[in-house]
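The values are calculated or read from the model by the stated rules, or taken from the named source; none is laboratory data. It should be emphasised that the depicted structure is a prediction, and the values quoted were computed from it without experimental measurement. With ideal geometry, Cβ positions are generated from the backbone for all residues, glycine too; neighbour counts draw on all protein chains shown.
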Amino acid sequence: MKTEVEEKFSHFFEKWVRQLEEILQVLLKVSKDHGNSHEAENEALVAKLTTHHKDYYTAKWAAAHEDVLAFFSPVWLSPLENAYLWITGWKPSMAFRLIESRRQTGLPGASLADMTEEQLKRIEALRVNIRVEEEKVERELERQQVSMADRRMVELARASSRAQRNGDAAVSQVDGLVEVALKSLLGGLERVMKLADCVRLKTLKGVLEVLNPKQCVDFLTSTSMLQIQMRKWGEKRDQSRHLECPSLFN
């Protein structure tokens, strides 16, 4: 059963993805035009999609403040999508691998193959910087995970076990201390999540500042298509699995 936060964000996410698909269709149409006659249209599309992503993170941060754990095991994503999550979202360094793959293909998005030497140097510098940022976030997550086994938490676990043997009054007192400790831990996870999201946003902003409007459209087309297709593949796999493994209780 979904919590209230999970229910509300699931509805938001479904609507957000549908809107992303609508924007993608326009991006695909514009991306087929390899001329530069629609620079203003390209810039407008880039602005629309970046605003769409900002809306996502605004909603995510508001919901996570109520229930951050929902974003570490999101019920609105398929197991396939969850398998590729990096601290509640996509891994920033993925953007650089995507750019490189688009530079090497002749399919839509080939404008990225025309990147100048200056652009390539700036993208490489950004990639190195983002990898450092990723490592910082990973270390902070590790620190939060290790804190679960610190002396205070071990003592609370023992006290909770003793309290359950000694009666309701003792349990109530210890539960209050546990609640305070868990609130601190959840606050740490929320901070790590936001740090990871900031690296994601920094990556998008940095890449878009290097690329020209046409290249931005091609890059955003590729990232949006990948996200949507990953979702469709995950949903299709779930449907197939349910057909193959019917419930024993039906």
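Conditions (1) at pLDDT below 95; (2) of a type in the set (D, E, K, R); (3) closer than 29 Å to Leu186 by Cα, marked per residue:
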{"residue": "Phe12", "(1), (2), (3)": "no, no, yes"}
{"residue": "Glu43", "(1), (2), (3)": "yes, yes, no"}
{"residue": "Asp55", "(1), (2), (3)": "no, yes, yes"}
{"residue": "Trp61", "(1), (2), (3)": "no, no, yes"}
{"residue": "Val68", "(1), (2), (3)": "no, no, yes"}
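Within 20 Å of Val207 (Cβ to Cβ), out of contact with any Asp or Glu (no Cβ under 9 Å at 6 or more places or on another chain) and assigned to a helix (DSSP H, G or I): is that true of Arg18 in this structure? No; evaluated as a whole, the condition is false for this residue. Thr88 passes every criterion in (1) over 30 Å from Gln145 (Cα atoms); (2) within 21 Å of the chain's Cα centre (by Cα) apart from (1).
The residue pairs whose first member lies in the stretch 55-70 and is over 10 Å from Glu6 (Cβ atoms), whose second member is part of a helix (DSSP H, G or I) and aromatic (Phe, Trp, Tyr), and whose beta carbons are closer than 8 Å, counting only pairs six or more residues apart or on different chains, are Asp55/Trp16; Tyr56/Trp16; Ala59/Phe9; Ala59/Phe12; Ala59/Trp16; Lys60/Phe9; Lys60/Phe71; Ala64/Phe71. Here the stretch 94-128 is the region considered, the condition is being under 24 Å from the mean Cα position of the chain (by Cα) and surrounded by fewer than 16 Cβ atoms within 10 Å (Cβ to Cβ), and the residue that is modelled with the lowest pLDDT is Ser101. Can you tell me which residue within the stretch 114-137, out of those that are touching a residue at least 40 places away in the same chain (Cβ under 8 Å) and among the hydrophobic types (A, V, I, L, M, F, W, C), is farthest from Leu195 (Cα to Cα)? Checking each candidate, the answer is Met115.
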